[in-house]
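So the structure is just underneath, and the comments pick up after that.
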Amino acid sequence: MSEAEAIERAQKGDGEAFEALYSLHKRRVYSLCLRMTGNPTDAEDLAQEAFLQLFRKIATFRGESAFSTWLHRMTVNVVLMQLRKKSLPVVSLEETTDGEEDSPKRDIGADDLSLTGAIDRVELNRAVEDLPPGYRSVFVLHDVEGFEHNEIANMVGCSIGNSKSQLHKARMKLRDILKHQRAGKAQKRNA
Amino acid sequence: MKVMLSCKQFEDLLPDLVDGGEWSADQRVHGQSCSRCSTLVEDLRQIVQEAPQLAAMDEPSPRVWLELRKSLVAEGIIRPHAKPGRLMDFFFTPRWRPVLVPLGAAAALAIVLVAHRSDSGPVNGAQNGAVAPANVAALDDEDLQLLDEVSSKTPSLRATYEDNLRNANAYIQDAKDSVARNPDSNDARDQLMLAYNEKTMVYEMAINRSPR
Amino acid sequence: MSSSQRATQCIVLTAAVLAASLAAAQTQQEKRFNCGPRPTVSVINEYGPVAVHPGPGNVVVVRYILHSDKVEVDLSQSGDRITVESHLLQGSNSDRDQVDYEILLPAGSNVMVHSNSGLLSAENLRGDISVEGAATPVDLRTISEGHIHVKTLSGNIMLMDIRQVHVIANTVSGDVTLKNVDGPLVEVSSNNGKIHYDGDFGGSGSYKLSSHTGDIEAMIPATASVDVTASSDKGQVDNDFPLLPKQHSITIPQKGHSFVGIAGRAASSVLLRTFSGKIRLKQR
């Protein structure tokens, strides 16, 4: 069943069509929830809620934008609402974050090992899990999910500048985490 | 004398560079002469390049769809298709658990209804000529609900129940066709009763296995 | 000590440690209940085999092995009613968290057994037996008197040496094998599994073997005393047993699709019926 056909049938209440739409998009939705919350159980609940909210409104979908974009935004809104309810930091609202989050320190002049070799997604996934929540959100929304800074700023309620600076810090922090992970592995191998 | 960019100044301009922005002449000079900064750019670009791979990396457990489906059915967003001549509709409502009709009465009523219907013409299955192949008969909404229940209690048995529900439905379909072709045949009616008994057995086994 | 000797020692030590760990992971327990000569014993297992045998005296002995700490067993007694029930705890997995049961009880006990997986077996009993399992094979042997009820979805059913017992055995996709089974009423059905009967249809009983698409084969001795009707809507029906024609019959014989006939004094009535499977009646 194609997505267009599934949408049409779902609009008529066809259970199989809903299941087809769910199957097509479940990984993307769930992964987004998981990256943003860091908790599989919360992520599943949020994924379910996102699909439910979307399916409740499916009769109003007219095809002006891609279905996946619609679902994507719905998911982000659901996750952000949940994070706000729990008073978890979504994106730090301060432009400067010295001391607020675990800002990466750049040691100018010291020996700086590069990330030798390609990064694989498992490695990167693990590093993202270790990111502080505020950094994690903006990195996931921009680099993983592809939202632009103006969209992130709108969704999250911060300035575009803040979104950009947090993203940079998130990437730098990820680099540090990846280096430490690799150094740790190398130590174990040599032990 | 032109002052070269420092590493700090270079880093302040990094976000644009990593996101594919144009390098200015100063940035290019610093990047070429400073291995630390050029390595940093390369590392950050790798991270950015790999990040989209995380987008659909994980799979939710089956529980998510099961719960979602329950909500969709409960809210009437999933609407059961109306199919005339479905005798199981007579016996099973969405809340079938408390109202499951005793085996003998259900099967007996099925025979009477089919006999009555066959007196006035063939049943829908024969009319449509749509006979499901023996091992791929469709599942109706009650079947799917039952499977949801089974999945929520014993997920490892879902496939077993699904396969056997399909088998039972195929038997019912064949038996109905047989009655339609031979309305006076006691044997055909017996077969239909056996077929319904079989499906009832599957339902009973699933219901009885739900936690008390 | 040479390096190969050292290596051997290491392997032996590792194996010993592994064996000890495995043993520790499985917990073996036994519980006894005093009872009358005909207690009712129910065993409700989520996953794992259940074997039931007669034991000495008026005692029910429940022996069980827990394969993990994610499953617990509740045992209770109320008069002559003993209930054994497994419960899966949170985080359990069907493959690992099973309980193996061995039940010893008075031969006249009434037994009810359920499991979702694992062989369910009983032998040498005289009471009523009810066995139910989704994907479980069932094996009942040397049972006399009483009633046997078996239900499976896809588990195969084996009934052997079942004498003068009222038998109802239903499966959807399992095979059913009956060897030396007789009684006042024997009803067996399978949707697409095979049904094989090897016996004499004795006891002046009523025998019904039915299927949807599964084949039915019956092997009987020349001395069998039967009134046989066999029919298949769409499958092939073959008779290799010398039957005499029946004077009055509802079923009109149709070559290749049905036959009727009697042998001996026609003491037992035998109905072999399938929708599209094959039927074969053979002489042993």
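A few comments on the model shown:
Yes/no matrix, rows are residues, columns are (1) at pLDDT 90 or above; (2) in contact with a helix residue (DSSP H, G or I) (Cβ under 7 Å, 6 or more places away or on another chain); (3) not charged (D, E, K, R):
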{"residue": "A:E3", "(1), (2), (3)": "no, yes, no"}
{"residue": "A:E16", "(1), (2), (3)": "no, no, no"}
{"residue": "A:D42", "(1), (2), (3)": "no, no, no"}
{"residue": "A:I58", "(1), (2), (3)": "no, yes, yes"}
{"residue": "A:L71", "(1), (2), (3)": "no, yes, yes"}
{"residue": "A:L80", "(1), (2), (3)": "no, yes, yes"}
{"residue": "A:R84", "(1), (2), (3)": "no, no, no"}
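- Those residues of region B:182-207 which are without any contact (Cβ under 8 Å) to a residue 24 or more places away in the chain and not hydrophobic (A, V, I, L, M, F, W, C), in sequence order: B:N182, B:D184, B:S185, B:N186, B:D187, B:D190, B:Q191
- All positions within region A:40-62 that are free of Cβ contacts under 8 Å to residues at least 24 places away in the same chain and more than 12 Å from chain B (Cβ to nearest Cβ): A:T60, A:R62
- Of the listed requirements (1) in contact (Cβ under 8 Å) with a residue 12 or more places away in the chain; (2) within 14 Å of chain B (Cβ to nearest Cβ), C:P253 misses just one: (1).
- Scope region C:240-281; condition open to solvent by 60 Å² or more (accessible area, probe 1.4 Å), assigned to a strand (DSSP E or B) and within 23 Å of C:A222 (Cα to Cα); matching residues: C:D240, C:L244, C:R280
- Meets criteria (facing chain C (nearest Cβ under 9 Å) and either on the phi > 0 side of the Ramachandran plot or at pLDDT 90 or above (or both)) for B:A188: no
- If you go through region C:127-145 and keep only what is open to solvent by less than 10 Å² (accessible area, probe 1.4 Å) and within 14 Å of another protein chain (Cβ to nearest Cβ), you end up with C:V131, C:G133, C:A134, C:T136, C:V138.
- For region B:150-165, the candidate set comprises residues that are assigned to a helix (DSSP H, G or I) and among the β-branched types (V, I, T); within that set, the residue that is surrounded by the fewest Cβ atoms within 10 Å (Cβ to Cβ) is B:T160.
- Per-region count, region C:117-126, residues surrounded by fewer than 22 Cβ atoms within 10 Å (Cβ to Cβ) and either touching a Leu at 6+ places or on another chain (Cβ under 9 Å) or small (G, A, S) (or both): 2
- Applying the criterion of being within 29 Å of C:S117 (Cα to Cα) and among the basic types (K, R) to the residues of region B:170-212, the residue that is surrounded by the fewest Cβ atoms within 10 Å (Cβ to Cβ) is B:R212.
- Residue within region C:34-41 that is part of a strand (DSSP E or B), modelled with pLDDT of 65 or more and either basic (K, R) or more than 21 Å from the chain's Cα centre (by Cα) (or both) present: yes
- Neighbours by Cβ (under 7 Å, 6+ apart or cross-chain): first from region B:50-62, more than 18 Å from A:H72 (Cβ to Cβ); second buried (at least 16 other Cβ atoms within 10 Å of the Cβ) and not acidic (D, E): B:E50/A:I119; B:E50/A:L124; B:P62/B:S151
- Residues of region A:160-181 satisfying the condition of being open to solvent by 50 Å² or more (accessible area, probe 1.4 Å) and either in contact (Cβ under 8 Å) with a residue 40 or more places away in the chain or among the hydrophobic types (A, V, I, L, M, F, W, C) (or both): A:I160
- Helices (runs of 4 or more DSSP H) contained entirely in region A:87-183, each with at least 3 residues that are at pLDDT below 85: A:149-156
- Counted residues, region A:127-151 - those being touching a residue at least 24 places away in the same chain (Cβ under 8 Å), small (G, A, S) and within 12 Å of chain B (Cβ to nearest Cβ): 1
- Hits in region B:1-55 - residues which are part of a loop (DSSP other than H, G, I, E, B) and surrounded by fewer than 16 Cβ atoms within 10 Å (Cβ to Cβ): B:M1, B:K2, B:V3, B:M4, B:S6, B:G20, B:G21, B:E22, B:W23, B:S24
- Scanning region C:195-238 for residues that are free of Cβ contacts under 8 Å to residues at least 60 places away in the same chain, open to solvent by less than 30 Å² (accessible area, probe 1.4 Å) and within 12 Å of chain B (Cβ to nearest Cβ) returns C:T229, C:A230, C:S231, C:S232, C:G235.
The values are calculated or read from the model by the stated rules, or taken from the named source; none is laboratory data. What you see is a predicted model; the values in this text were computed from it and never measured. Note that we place each Cβ from the backbone using ideal geometry, even for glycine, and neighbour counts take in every protein chain shown. Ligands, DNA and RNA are stripped out before the accessible areas are found, and what is left, the full protein with its side chains, is counted by its heavy atoms. Shrake-Rupley method; radii C 1.70, N 1.55, O 1.52, S 1.80 Å.
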